[in-house]
Amino acid sequence: MRKLLLFAGLIIFISSCSTVIAPSYTSVSKIYKLKKGMKLKEVSFTLESTPYDMYINYLNGEKVVEYKYVHQFVKNAGAPTATVNEDRLNQGANRFKNESDLMVVFDQKTGDMLYYYTSTGLSRSNASLNQMNQILNNK
């Protein structure tokens, strides 16, 4: 009996030590509020989020701060209809999905924000460039 209690206590102790820390997410609407020249603290305050990771580019003198964001959508209650009713679009609960990366680039010396880009925007721009190159090469 004593061994059983000791074993149960050990299992509870080990399971309580495994904590998972999820990243804090921001939203697209908050990303649009970012302005060139903001400092890191201002960016974090505006996004209402903490940085997920940070990189230093010594060659260009830039600090790249990574944040996580999610896309908002509305899950409508009831069956879908063939016609779109504007009142129906505003019903339902707000939900978030599709975790994405936001990279905010700061000047290493001044600490001012220079620009930002998202993983979604980067992949779409690469696809657009590839498509444009195919069009130009086929002429």
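Fully extended, how many nm does the chain gain between Q72 and T118 (0.36 nm per residue separation, minus their Cα-Cα distance)?
15.0 nm
In nm, give the distance between the simple-model label positions of T46 and L136, each being 7 Å from the Cα along the Cα-to-Cβ direction.
In this crude spin-label approximation the distance works out to 3.2 nm.
Among 102-111, 49-58, how do they line up from the highest to the lowest mean number of other beta-carbon atoms within 10 Å?
Output ranking for 102-111, 49-58: 102-111, 49-58.
Near the amide H of G111, under 5 Å away, which other amide H atoms are found, from residues 5 or more places off or on another chain, if H is placed in the peptide plane?
none
Under a 5 Å amide H to amide H cut-off, with H placed in plane at 1.01 Å, what residues pair with E62 once short-range neighbours are removed?
Those qualifying (amide H under 5 Å, at least 5 residues apart or on another chain) are N57, Q108.
Laboratory data are not the source of any read-out in this text; all were calculated from the coordinates shown. Please read these numbers as outputs of a predicted model, since none were measured by experiment. Positions of Cβ are backbone-derived with ideal geometry, glycine not excepted, and every protein chain shown enters the neighbour counts.
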